[in-house]
Amino acid sequence: MVMWPFEGRDEEVARIVSAFRGHDLDAAMVTAPAGVGKTRLARQVAHRLDGVRTVWIGATRAAGTIPFGALAPLLPDGEPVGGPLNTVLAAARQAGDWGGRHAVVIVVDDAHLLDEGSATVVAHLAGRRLGFVLMTARAGEPVADVLLRLCADEGAQRLELAPLPAAVIDRLIAHERPAGLAARERRRLHAVAQGNPLALSELLRGARPGGLTDLVMSRLAALDPGTRRAVELVACGEPLPVSMLERLAGPAAAIAAEDAGLVVAERSGARTQARLGHPLYGEVLRAAMDPAGAARVYGDLAGALLATALRRREDPLRAALWQVEAGAVTRAGVVREGARQAVGREDLGLAERLARAARAAEPGPDSDRLLAEILAYRGRAEEAVRLLSAPAPGGPADRVAWAITRADAVYWSGGDTDAALSTLDAAGGHLTAEASRAWLQCFDGRCADAARTAGAVLDRPEAEPRAVVWAATAGAAAAGFLGRGADAGAIAARGVAVAAAHTAAIPWGPVEVRVGACLAHLASGSPAAATAVSAEGYAQVRRGGAAMMVSGWALYGGLAALARGHLDGADRLLAEARAGFEVDDTFRLHRHCLAARAAVAALRGDRDAAALTARADTLAHPANRLFAPWVQTWRAWSHHAAGDHAAAVAAAVRAADLARECGMPAVEALAGYDVARLGGRPDLRRLAAIDHEVGRLVTAAARALGDRDGAGDLEAAARDFAERGYDLHAAEAYGVAAHRHHRHGRAALADLATASAAGIGARCAGAVTPLLRRNAFTGRLTPRERQILLLAAEHTSARIAESLGLAVATVNNNLARAYDKLGIGSRDELRALLDGRHPR
């Protein structure tokens, strides 16, 4: 079995190594629960102490039954030892022969298993400074008094290993599963392992002899039936009110389970809740339960909870799940409410399961509509349409809910926008249905219609919070695509405020509005702002969101990274998004995710990008026309990577045409500029006619590319590109400017432009666009001189030295060499060069 990399314990290793190399301490004691990594830490310390003799004593229960049974590595080979005193003397003599305190490290693994005699010898060697002793011990286990006194006398350093942090667990998961894991499975691993690498290994690789699973099973096997039932109830229902546990298992069994350390009681508000001592206990116990026994336990739990008033917010979901797990739905209305709560918690798999169980137990329009809504969320709109094929219900509230659900299903199943929008007419102009209309219009690329519809809803003070949130989401996105970034920001801000005030009723609201804002930034030409929004959303849902939400934010973050030319980040995020969309694809985004990954591959010069594009085309669907211009742009780069220049240019022109048809000025401008980036002849008159700041930016850049010189204009465009976050565009423009300066004999300006291109281009590692290749110019400055020179325009040498980890003298020497090469002598002249005011 491949060993995992050593992660997350560098500080502890450094502390122990420092204690050994110092003079004040003669021992270290590392304690932690089983599986946290005590032994691995000790081995890493031994590895770090190169040139020092390491003596490894592995204490075991078997050796602990034999006096001095663990000390064989400390005793001279072939020399009879005799009684206890002779054993102590022989070990001391051996350690002294090896060199003593600063030459010998004695590692005692699982020191809590040492017999008293062996513990006495170890303490003697440390006390006489005949070796540095590093001990590991399991937390909560008794350790020999002589070793405890060694630590208490301040002659030893004590470290309690904390669980590994989440970021380290993520790296271990990535090492074991390089292809990635679904977000829900990743969160389960975090929750169950709780920072314990051995528990994580058990979960990823399966139980192994001697692992934590065996340890848990041995503890469970020792329980009497009543106590085991108490633990089973908690395993299936945690967190479980202690009052309910005592009612079902009896007070004595509940106390015995707690005394055994398998169950802990925690205060939660007015309740005292019972939980398992470690999540792994539940995993092991539930796996060991036979189906009939598990059903009985869940039935008991459901009956006990349904006998209450279900006052707590989570009670309906728990009562629903327990009924379904028991195989006996006695109150279908509670199961439907539980399914709605599961949707709110973004667990669509559970929501579908509960909705199907409720429908089987109590068929009817309410059950059909609920299941259809969940199926549409899961990207299975065709099934949803079949469930809602009956005429609209008679009651006004039912008609509104039916119209919204059916319209969504009709659109996402077949892309028939007119049929979907006419379905909403059954709601009679209800503002929530009109907000849903705005969202469908936006996804269909009818951004002007979406903006008008959303605006009409937002203008009505009587609109309910759900209508405001949906209208703000659609309105912000539509305004961004229409090039009205400021309007988009104001609309999103209103939506965020309403969503934050009504999260209980609209749990997805805050996420939805932020998605609208993110799309607005992307579409209006601000990918840096889109990156910030998507990073915040991604971090939040990774901590506790559904796989669908994680996939969505991974996609939007990936698209922002792609727009900026940050190819490594884009590929990583898009790969994660694709894994989620293969399970739930509510908004038909899987195709766009594949197409964007093709563009990433193409920008790296990978000729296989065309294969990814072809796979994306197999998922083509008439719904979600909003991203169509971007898809064509990504196709253009795929054609370029395959060597088909004409097809690449034609695809970029087609992207601009689609963007114009939809009224997307910034998207059209950037697609038109891609014609120039791909080596074609851009339509300058068309670009100049685009009334948007991005249009003006790319027009200036395209004209400068076509000039014989134009270096100054290219540098100005590069600065504007960089300010918006288009780093790859900026690096290209700086690179061309450097080449033009060099060609016209402006060596200093060429070097500075090259430095700027290299600095920004470092964020776009692996990119091989035509402008980067064709205008490659290295200049006379070294990479370090370029780095320091650009910083010197804004920062002192001391500040530069601090940020780069260099000596101030090193900074000044590099700066002096750079000044000499550029023919300047001060920061003022440097700034003048950078601003284009210097003649060189």
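Just one residue in the set R228, R177, R129, R149 is in the same structural domain as K38 (by TED's automatic domain parsing) and free of Cβ contacts under 8 Å to residues at least 40 places away in the same chain; that residue is R149.
Answer with yes or no whether A193 is closer than 30 Å to D571 by Cα and touching an Asp or Glu at 6+ places or on another chain (Cβ under 9 Å).
Judged against the criteria, A193 is a match.
In this structure, does A620 turn out to be over 26 Å from the mean Cα position of the chain (by Cα), in a loop (DSSP other than H, G, I, E, B) and modelled with pLDDT under 95? Against the criterion (over 26 Å from the mean Cα position of the chain (by Cα), in a loop (DSSP other than H, G, I, E, B) and modelled with pLDDT under 95), A620 qualifies. Criterion applied to D828, D835 was being more than 18 Å from A730 (Cβ to Cβ), modelled with pLDDT under 85 and not basic (K, R), and the one residue passing it is D828. In segment 468-506, the qualifying residues are those that are in contact with a Lys or Arg (Cβ under 8 Å, 6 or more places away or on another chain) and part of a helix (DSSP H, G or I), and the one that is nearest to A433 (Cα to Cα) is V468.
Output the number of residues of segment 588-626 satisfying the condition of being polar (S, T, N, Q) and within 21 Å of V768 (Cα to Cα).
Qualifying residue count for the region: 1.
If we scan segment 721-731, do we find a residue that is in a helix (DSSP H, G or I), of a type outside the set (S, T, N, Q) and surrounded by fewer than 20 Cβ atoms within 10 Å (Cβ to Cβ)? Within segment 721-731, one or more residues are in a helix (DSSP H, G or I), of a type outside the set (S, T, N, Q) and surrounded by fewer than 20 Cβ atoms within 10 Å (Cβ to Cβ).
Residues checked against (1) farther than 25 Å from R763 by Cβ; (2) not aliphatic (A, V, I, L, M):
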position	(1), (2)
G483	yes, yes
A486	yes, no
R494	yes, yes
V511	yes, no
S526	no, yes
M549	yes, no
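Does A535 meet the test of being part of a helix (DSSP H, G or I), in contact with a Phe, Trp or Tyr (Cβ under 9 Å, 6 or more places away or on another chain) and within 24 Å of L728 (Cβ to Cβ)? It is true that A535 is part of a helix (DSSP H, G or I), in contact with a Phe, Trp or Tyr (Cβ under 9 Å, 6 or more places away or on another chain) and within 24 Å of L728 (Cβ to Cβ). Entry remark, segment 407-450: residues being closer than 21 Å to V468 by Cβ, of a type in the set (D, E) and under 31 Å from the mean Cα position of the chain (by Cα) number 1 in total. Looking across segment 171-191, the residues that are surrounded by 17 or more Cβ atoms within 10 Å (Cβ to Cβ) and assigned to a helix (DSSP H, G or I) come down to L172, I173, A183, R184, R186, R187, L189, H190.
If you go through segment 754-810 and keep only what is within 23 Å of A832 (Cβ to Cβ), part of a loop (DSSP other than H, G, I, E, B) and aliphatic (A, V, I, L, M), you end up with L781, A793. Taking each residue of segment 602-615 that is free of Cβ contacts under 8 Å to residues at least 60 places away in the same chain and looking for partners that are outside any helix (DSSP H, G or I) and among the basic types (K, R) with beta-carbon atoms closer than 8 Å, six or more apart or interchain, yields nothing.
Among the residues of segment 134-153, those identified as in contact with a helix residue (DSSP H, G or I) (Cβ under 8 Å, 6 or more places away or on another chain), under 23 Å from R15 (Cα atoms) and crowded, with 16+ Cβ neighbours inside 10 Å are L134, M135, T136, A137, R138, V143, L147, L150.
Of all the numbered requirements in (1) surrounded by 13 or more Cβ atoms within 10 Å (Cβ to Cβ); (2) more than 26 Å from R460 (Cα to Cα), L424 misses one, and that requirement is (2). Is there a residue being among the basic types (K, R), farther than 24 Å from R604 by Cβ and modelled with pLDDT of 80 or more anywhere in segment 767-787? Checked against the condition, which is being among the basic types (K, R), farther than 24 Å from R604 by Cβ and modelled with pLDDT of 80 or more, segment 767-787 yields at least one hit. Select from segment 432-460 the residues that are touching a helix residue (DSSP H, G or I) at 6+ places or on another chain (Cβ under 7 Å) and in contact (Cβ under 8 Å) with a residue 40 or more places away in the chain and write down the one among them that is surrounded by the most Cβ atoms within 10 Å (Cβ to Cβ). Selected residue: A438.
For segment 706-717, the set of residues classified as in contact (Cβ under 8 Å) with a residue 40 or more places away in the chain and either surrounded by 22 or more Cβ atoms within 10 Å (Cβ to Cβ) or of a type in the set (V, I, T) (or both) consists of A711, E715, listed by residue number. Against the test of being at positive phi, at pLDDT 95 or above and surrounded by fewer than 24 Cβ atoms within 10 Å (Cβ to Cβ), the options G663, G679, G695 yield a single qualifying residue, G663. Against the test of being over 23 Å from G695 (Cα atoms), in contact with a Lys or Arg (Cβ under 9 Å, 6 or more places away or on another chain) and either in contact (Cβ under 8 Å) with a residue 24 or more places away in the chain or among the basic types (K, R) (or both), the options E732, E785 yield a single qualifying residue, E785.
Going residue by residue through segment 740-762, is there one that turns out to be at pLDDT 85 or above and among the acidic types (D, E)? Yes: segment 740-762 contains one or more residues that are at pLDDT 85 or above and among the acidic types (D, E). For segment 127-153, a residue qualifies if it is assigned to a strand (DSSP E or B) and either among the hydroxyl-bearing types (S, T, Y) or farther than 29 Å from V192 by Cα (or both), and the qualifying residues are F132, V133, L134, T136.
Residues that are at pLDDT 90 or above and either surrounded by fewer than 21 Cβ atoms within 10 Å (Cβ to Cβ) or touching a helix residue (DSSP H, G or I) at 6+ places or on another chain (Cβ under 7 Å) (or both): find the helices (runs of 4 or more DSSP H) completely inside segment 262-366 holding 2 or more of those. Once the helices (runs of 4 or more DSSP H) in segment 262-366 are filtered for at least 2 residues that are at pLDDT 90 or above and either surrounded by fewer than 21 Cβ atoms within 10 Å (Cβ to Cβ) or touching a helix residue (DSSP H, G or I) at 6+ places or on another chain (Cβ under 7 Å) (or both), what remains is 291-306, 315-326, 332-344, 348-361. Can you tell me which residues in segment 154-166 are part of a loop (DSSP other than H, G, I, E, B), buried (at least 17 other Cβ atoms within 10 Å of the Cβ) and in contact with a strand residue (DSSP E or B) (Cβ under 9 Å, 6 or more places away or on another chain)? The answer is L161, P163.
The values are calculated or read from the model by the stated rules, or taken from the named source; none is laboratory data. Bear in mind the structure is a predicted one, so any value in this text is a computation, not a measurement. Virtual Cβ from ideal backbone geometry, glycine too; neighbours counted across all protein chains shown.
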